């Protein structure tokens, strides 16, 4: 019989929602984040992202493509702002220029990542966002946002 999930930080697994329209982008992100540290929940559009947010809440981070169909990252940001404990939003785009970066930060996104993804930049940005989110919520290192499967 399996034991229930135990919350820990020593070997924490950080939950993340990736809202990317293409499987290729999901696969690239998945290959860059070690499964021992990241639990990636996938969505391809705004509707499925909202369902994932409800199912896996609380989530500290959402990585969202600039252009979803229907909608955009701004629609995702509005949905997140309506949550009691909103995750940080990281916007991705193949055209991640200064204008997008400035607009995203001014509207409340945490950061912008260019695609194709760079592994070091992805890890740096997501790790920084998670620790800042956790600290801004005054959560202990052991929180329900990280999970570890207890040994059977």
Taking 15-24, 92-101, 110-119 and ranking on average Cβ neighbours within 10 Å, highest first, one gets 15-24, 110-119, 92-101
If the convex hull is drawn through the Cα atoms of the stretch 5-149, its volume per residue in Å³ | 103
Modelled label-to-label distance, residue 51 and residue 123, 7 Å Cα→beta-carbon offset: nm?
-> 3.4
Take every DSSP beta bridge with both residues inside the stretch 5-149 and express the antiparallel ones as a percent of the total, to the nearest 5.
-> 20
Residues 131, 88 in order from fewest to most other beta-carbon atoms within 10 Å are 131, 88
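Taken together, the values in this text are just the output of simple stated rules run on the coordinates, not laboratory data. Quick caveat: nothing in here was measured; it's all calculated off a predicted structure. So basically every Cβ, Gly included, is an ideal-geometry build from the backbone, and we count neighbours across all protein chains shown.
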